[in-house]
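J.: The structure follows.
The values are calculated or read from the model by the stated rules, or taken from the named source; none is laboratory data. What you see is a predicted model; the values in this text were computed from it and never measured. A quick note on method: Cβ atoms are made from the backbone with ideal geometry, for glycine too, and the neighbour counts reach across all protein chains shown. All accessible areas refer to the heavy atoms of the entire protein, side chains included, with ligands and DNA or RNA removed. Shrake-Rupley method; radii C 1.70, N 1.55, O 1.52, S 1.80 Å.
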Amino acid sequence: MYVLGIDFGGGAAKATLLRDDGAIVATHTVEYPTRYPAPGRTEQNPDDWYEATQKCIASLLDSGRIDSSQIAMVCLDAATHTAVLADENFNVLQDAIYWTDSRSVDEVAFLKEHDG
């Protein structure tokens with residue numbers, strides 16, 4: 001049996017396939033872009049994360065020569081503070097507002113001044 005670990009980092013999905021004894025079988029990384037559509041705005045397209053993840057998993061299964069049914073556990077890790085807005089069918093509505101986005105600086109200053 002195997003364990004699949006996937007990290008959604010700031011600019012890439014990184015995946016590692018481990019045997020149940022902890023030995024690394026294969027690793028793969030696929031980069032994705034960060035967009036800066038206006039000053040203070042930082043966004044990523046969740047579809048890019050999904051595509052990168054698919055490529056990582058396919059590469060690991062191929063290079064490790066294993067069937068997906070042999071994966072006993074999947075562990076995910078990602079950056080915090082990233083908003084993904086989706087409809088009732090989980091279709092992404094817009095690019096994700098990445099945690100480094102600073103478009104709300106004025107609102108934060110207002111709240112600090114008026115509400116502590």
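J.: Find the accessible area per residue for the chain; the probe is 1.4 Å, ligands and nucleic acids are left out, and the unit is Å².
T.: Dividing the accessible area of the chain by its residue count gives 67 Å².
J.: What number comes out for the charge environment of PRO33, summing +1 per Lys or Arg and -1 per Asp or Glu over other residues with Cβ under 11 Å away?
T.: Residues close to PRO33 contribute a combined charge of -3.
J.: Still on this structure, please answer the following. Taking the simple approach of a point 7 Å from Cα along Cα-to-Cβ for both SER69 and GLN54, what is their distance in nm?
T.: Spacing of the two 7 Å Cα→Cβ label points: 2.3 nm.
J.: If exposed means no more than 16 neighbouring beta carbons inside 10 Å and the site is in a DSSP loop, what's the longest run of the chain without any exposed chymotrypsin sites (Phe, Trp or Tyr not before Pro)?
T.: Numbers: sites that count: PHE90, TRP99.
By the stated rule (loop sites, at most 16 other Cβ atoms within 10 Å), 1-89.
J.: Heavy atoms only, probe 1.4 Å: what % of the accessible area of the chain goes to carbon and sulfur, would you let me know?
T.: Values: 4140 of 7740 Å².
After summing per-atom areas, the C and S share lands at 54 percent.
J.: Give a quick list of trypsin sites (Lys or Arg not before Pro) in region 26-116 that DSSP marks as loop, anything other than H, G, I, E or B, with at most 15 other Cβ atoms within 10 Å.
T.: ARG41, ARG65, ARG103
J.: Please list, in order along region 4-18, the HN-Hα scalar couplings obtained from phi with the Karplus expression 6.51 cos²θ - 1.76 cosθ + 1.60 (θ = phi - 60°), rounded to whole Hz, x for Gly and Pro.
T.: With coefficients 6.51, -1.76 and 1.60, one gets 10, x, 10, 10, 9, x, x, x, 6, 9, 10, 10, 9, 9, 10 Hz.
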